[in-house]
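Data first, discussion second: the structure below is written as structure tokens.
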2 protein chains.
Amino acid sequence: MNPTFEILSQGEEILTGQIADTNAAWLSQKAVACGFTVTRHTSVGDKLDDLVILLQEISQRADCCICTGGLGPTSDDLTAEAVACAFNLPLEFDGIAFAQISHYFARRNRTMPESNRKQAMLPQGSERIDNEWGTAPGFTMQAGRCRFVFLPGVPLEMKHLFQERILPQLSARFLLHPSHLITIKTIGLGESAIQELINPIAIPAQVQLGFRAGADEVQTKLLFPFGYPDTAMANLVARFSEQLGEYVFAIDGLNETSGDLVFEVDKRMKQRKLTLAVVETASQGLLAAKCIGCKWLLKAVYEQPETGLEQKLIAEANTENLMSTAQAIAVDMQKSSGAALVLVQLYAGDDRQFHDKNESIVLYNVLLTENVCYKSHHSVAGPIKRKQNQAALLSLDLLRRYLQNKSSLES
Amino acid sequence: MNPTFEILSQGEEILTGQIADTNAAWLSQKAVACGFTVTRHTSVGDKLDDLVILLQEISQRADCCICTGGLGPTSDDLTAEAVACAFNLPLEFDGIAFAQISHYFARRNRTMPESNRKQAMLPQGSERIDNEWGTAPGFTMQAGRCRFVFLPGVPLEMKHLFQERILPQLSARFLLHPSHLITIKTIGLGESAIQELINPIAIPAQVQLGFRAGADEVQTKLLFPFGYPDTAMANLVARFSEQLGEYVFAIDGLNETSGDLVFEVDKRMKQRKLTLAVVETASQGLLAAKCIGCKWLLKAVYEQPETGLEQKLIAEANTENLMSTAQAIAVDMQKSSGAALVLVQLYAGDDRQFHDKNESIVLYNVLLTENVCYKSHHSVAGPIKRKQNQAALLSLDLLRRYLQNKSSLES
């Protein structure tokens, strides 16, 4: 049995829905990854009584609880006071915490407001958690069955503190059996298409299969229990890779770290010292925008289909003439931009088909290299912003396949 | 005192952090807007005992509770069973629910799996909530002090059912005093700059002031209590508008509906039948991408600073020559694109300054109309993706100011 883990978030901005509690989602992922079973999330506002009762309840039922928020200097920041009430531990002045808070203001040439003194008052017997990313220290303590950790709600501070201070403490305190997560990232296949492709694979009962369809990729997740043999793991992942084939652009959790599609393309463009120019239509600048910071992107052009060259194409659209037009545009662009590679995106579909979420367009991509012209085409459906995003990704994916030397490339 | 409101979310995908509980945030906003006080959010997984105890607790302490998730056909969908246990109400077969579920499958030419029959079993005495957006009906019932509403966790279904079925029921059942929210949307000012500008305004104690800094706009929120006089409200909002001046691009909650910056620009471009071409640098396609679906955008070009014309500009950067270069580019673009308006974006800053989150660049914008050339410049800081996004917005904002005839425009 894994130790149980709860998350308590404090803040009116969560209760009123001004923000979604993304801290809780982030903390849950980390807790699950290191071997806890997350049993409950709770969010409350700045009512002292509610907080006191909740802390007492949690101290009876959970092995570990991370509480975020309520450590600020204002009167509605009640966490330390609630802990003091719940477990009968008076607040004590912590000189080191106070020096750190003063230092934070001094470094910024600001006078410390009197109210910040409050942040140096910690419950008796708790351990301070130094916070060099913000004003307030966190603290940790045992109450009943539960190891409590109190962290600021500011995501940046919370994440730093959890990773660098809390995780090592928890790993030392609990006997954890972390499971191993492998994520296979694909583009161009929906969840049900993936399901069908992997149907022939026999998945051992201990291995948990999951999917996560994001805007930019579909992730197929395999969660292996603690101690699962490495070779059996590698073999199962290889079976998945084989079945999903060229659609796989990266695998997380094996050897090297991987990133998103742009990361994978960027890595290879740099390695091979290549440059790129693009002509976008359906993605309308989004392909270029996704490549921010990539110096190999020399030029990007978008032209409104109705004023540009596509008007007549749409009227007489067929794969052959769209592809040959795209190729002609690519040749021109290669000359004018001086880029080694040129990616040209066109689509067949009228204005209504592009806007209507129940209609689809057909996307045509051409990648011109030094001496070969590669092609791909895809049907793209959904709301206009989804079509835009898919167009950016699917055009870029033709480049990715070329860079990864996929045999399926069609020239 | 407003009636109290809790949200209970059921689902392992929330507890394991695969998704953030955005349903809870959405429901909270709706509940607050119609006059409830949200007191707690809880998320649990598929443990029957946990659910039973929680439902009993909530029935003692809240006036209303919306529960999402756990209504599916599989064995880990436990909501109805938990309600049956918690309140001693046997599950009963609902013939109409069953007919609806069968119909859902029939319409899609699919055979209804036997497991879906479960979704037609509802706790004795509960009222079915018909769901034409998915397979499972919701249900509602009174238990103890609390009005419970059970809805599917799929966001689309949940939102439809809440808006169209639940809100009218709750408004009839509870005496609600909705407060009135006015949101003033600005661009180009940080939270602290806004604070400083509005300092001279005397805000009545009953009016709640809040801020929300998103990636694309900063929202200044004024929450007026139920029954606050209309003229006093309008006067206070006018004072805010006056102080924040030209930075305000839209106000939500007064008369007309407003949207984001692109929405405001789009509305006016269409009204005045104008067209636009853009040259992007720091935003690298993102400005064009934000305008997806806007047919007045005829052309957009991005060129890598180091290969294009900016290289020498950066070396000898000063406002005057950057602005005159931008103007020359705009004139060329106006001729070649045939657009009525041309927006050109350049920036001063080297590669390191652009990438480093602790450095800033200076953004220069030029808007060329039929006969005038308007200008703006801004310092832009932060991580590269923030710089990119800010550049897209601040360039677009020069166009917005022109379209709204702001007197501050500098030509």
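The values are calculated or read from the model by the stated rules, or taken from the named source; none is laboratory data. These numbers were taken from a predicted model, which means no experiment stands behind them. Neighbour counts are summed over all protein chains in view; Cβ atoms, including those assigned to glycine, are modelled from backbone coordinates with ideal geometry.
So that you can scan it fast, the table gives a plain yes or no per residue for (1) in the same structural domain as B:TRP26 (by TED's automatic domain parsing); (2) in contact with a Lys or Arg (Cβ under 8 Å, 6 or more places away or on another chain); (3) not hydrophobic (A, V, I, L, M, F, W, C):
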| site | (1), (2), (3) |
| --- | --- |
| B:GLY125 | yes, no, yes |
| B:ILE129 | yes, yes, no |
| B:TRP133 | yes, no, no |
| B:VAL149 | yes, no, no |
| B:PRO152 | yes, no, yes |
| B:PRO155 | yes, no, yes |
| B:LYS159 | yes, no, yes |
| B:ARG165 | yes, no, yes |
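Which condition number does B:THR68 fail, the rest of (1) in contact with a Pro (Cβ under 9 Å, 6 or more places away or on another chain); (2) surrounded by 23 or more Cβ atoms within 10 Å (Cβ to Cβ); (3) away from chain A (no Cβ under 14 Å) being met?
Answer for B:THR68: the failing condition is (3).
With the requirement that a residue be among the basic types (Lys, Arg) and more than 25 Å from A:CYS65 (Cβ to Cβ), what does segment A:84-141 give you?
A:ARG107, A:ARG108, A:ARG110, A:ARG117
So which residues in segment B:375-402 are farther than 17 Å from B:LEU346 by Cα, buried (at least 18 other Cβ atoms within 10 Å of the Cβ) and not charged (D, E, K, R)?
The answer is B:TYR402, and nothing else.
Looking only at helices (runs of 4 or more DSSP H) that lie completely in segment A:206-308, which have at least 3 residues being more than 13 Å from every other protein chain (Cβ to nearest Cβ) and surrounded by 15 or more Cβ atoms within 10 Å (Cβ to Cβ)?
On the way: elements: A:230-244, A:261-271, A:286-290.
Filter on segment A:206-308 gives A:230-244, A:261-271.
Of the residues A:ASP63, A:ASP94, A:ASP77, A:ASP49, only one is of a type in the set (D, E, K, R), over 22 Å from the mean Cα position of the chain (by Cα) and within 20 Å of A:PHE174 (Cβ to Cβ); which?
Being of a type in the set (D, E, K, R), over 22 Å from the mean Cα position of the chain (by Cα) and within 20 Å of A:PHE174 (Cβ to Cβ) holds for just one of A:ASP63, A:ASP94, A:ASP77, A:ASP49, which is A:ASP63.
Which members of segment B:85-139 meet the condition of being small (Gly, Ala, Ser) and within 23 Å of B:HIS160 (Cβ to Cβ)?
Scanning segment B:85-139 gives B:ALA97, B:ALA99, B:SER102, B:ALA106, B:ALA120, B:SER126, B:GLY134, B:ALA136, B:GLY138.
In segment B:191-218, what residues are closer than 17 Å to A:GLN18 by Cα, touching a Ser or Thr at 6+ places or on another chain (Cβ under 8 Å) and either modelled with pLDDT of 90 or more or of a type in the set (Asp, Glu) (or both)?
B:GLU217, B:VAL218 - these are the residues of segment B:191-218 that are closer than 17 Å to A:GLN18 by Cα, touching a Ser or Thr at 6+ places or on another chain (Cβ under 8 Å) and either modelled with pLDDT of 90 or more or of a type in the set (Asp, Glu) (or both).
If you check B:ARG117 against the conditions, is it surrounded by fewer than 17 Cβ atoms within 10 Å (Cβ to Cβ) and either within 30 Å of B:PRO90 (Cβ to Cβ) or not small (Gly, Ala, Ser) (or both)?
It is true that B:ARG117 is surrounded by fewer than 17 Cβ atoms within 10 Å (Cβ to Cβ) and either within 30 Å of B:PRO90 (Cβ to Cβ) or not small (Gly, Ala, Ser) (or both).
Of all the residues that make up segment A:185-215, how many are closer than 22 Å to A:ILE384 by Cα, of a type outside the set (Gly, Ala, Ser) and touching an Asp or Glu at 6+ places or on another chain (Cβ under 6 Å)?
Qualifying residue count for the region: 1.
Between a residue in segment A:382-402 that is without any contact (Cβ under 8 Å) to a residue 60 or more places away in the chain and any residue that is surrounded by fewer than 20 Cβ atoms within 10 Å (Cβ to Cβ) and part of a loop (DSSP other than H, G, I, E, B), which pairs come within a Cβ distance under 6 Å, given they are 6 or more apart or on different chains?
A:GLY382/A:LYS357; A:PRO383/A:LYS357; A:ILE384/B:GLY293
For segment B:166-190, give me each residue that is hydroxyl-bearing (Ser, Thr, Tyr) and either exposed (fewer than 14 other Cβ atoms within 10 Å of the Cβ) or modelled with pLDDT of 95 or more (or both).
B:SER171, B:THR186
Which residues, counting only those in segment B:28-38, are more than 7 Å from chain A (Cβ to nearest Cβ) and in contact with a strand residue (DSSP E or B) (Cβ under 6 Å, 6 or more places away or on another chain)?
B:ALA31, B:PHE36, B:THR37
I'd like to know if segment A:373-384 contains one or more residues that are more than 28 Å from the chain's Cα centre (by Cα), within 14 Å of chain B (Cβ to nearest Cβ) and more than 28 Å from A:ARG272 (Cα to Cα).
The answer is no; no qualifying residue exists.
Can you find a residue in segment A:8-19 that is away from every other protein chain (no Cβ under 11 Å) and surrounded by fewer than 21 Cβ atoms within 10 Å (Cβ to Cβ)?
no
Check A:SER408 against each of (1) assigned to a loop (DSSP other than H, G, I, E, B); (2) within 17 Å of A:VAL265 (Cα to Cα); (3) hydroxyl-bearing (Ser, Thr, Tyr) and name the one condition it does not meet.
Failing condition for A:SER408: (2).
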